[in-house]
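**Student:** There's a structure below that I have some questions on.
The values are calculated or read from the model by the stated rules, or taken from the named source; none is laboratory data. Just so it is clear, the model here is predicted, and its values are computed rather than measured. Because the Cβ atoms are built from the backbone with ideal geometry, glycine has one as well, and the counts that use them run over all protein chains shown.
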Amino acid sequence: MSETMPGDPDRTTGAAATPAAGSAINMPDHWIREQAWYQAFVRLARPTLDWITNATVAWTMILQPLLFGRFDITAAGMSLAWAGTVYGFKFAEKIKGVA
């Protein structure tokens, strides 16, 4: 996508091209989503964080009690707090319309 979107900075002069019509929320066709660092973050870091969070909750709540016969309430509380934080931020991004 090489065209300039409304509200994007003019890449030749650095000045704002035109005011954004309606909402200035970064939508899927926004130029920032084409940048390599953004793609690496979306495709690598966030899914990895999801897998680590899910694996931690599964270990502390299901696998550890089944395999070793003990339930660590402290580890369970910490993993659930972490999962709530991670998915709370993801929910907030969905509400704002940027994710």
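**Student:** So for the range 57-70 (the condition being surrounded by 11 or more Cβ atoms within 10 Å (Cβ to Cβ), closer than 22 Å to Ile32 by Cβ and hydrophobic (A, V, I, L, M, F, W, C)), does at least one residue qualify?
**Tutor:** Within the range 57-70 (the criterion being surrounded by 11 or more Cβ atoms within 10 Å (Cβ to Cβ), closer than 22 Å to Ile32 by Cβ and hydrophobic (A, V, I, L, M, F, W, C)), the answer is no, since none of the residues qualifies.
**Student:** Another question, if that's okay. Filter the range 2-39 down to residues that are assigned to a helix (DSSP H, G or I) and farther than 23 Å from Ile95 by Cα and give me whichever is modelled with the lowest pLDDT.
**Tutor:** Within the range 2-39, the first condition is being assigned to a helix (DSSP H, G or I), and the residues that meet it are 31-34, 36-39.
From the residues that got through so far, the ones that are farther than 23 Å from Ile95 by Cα too are 36-37.
Details: Ala36: 79, Trp37: 75.
The residue in question is Trp37.
**Student:** Can you tell me how many residues in the range 79-99 are in contact (Cβ under 8 Å) with a residue 12 or more places away in the chain and under 20 Å from Ile62 (Cβ atoms)?
**Tutor:** Matching residues across the range 79-99 total 6.
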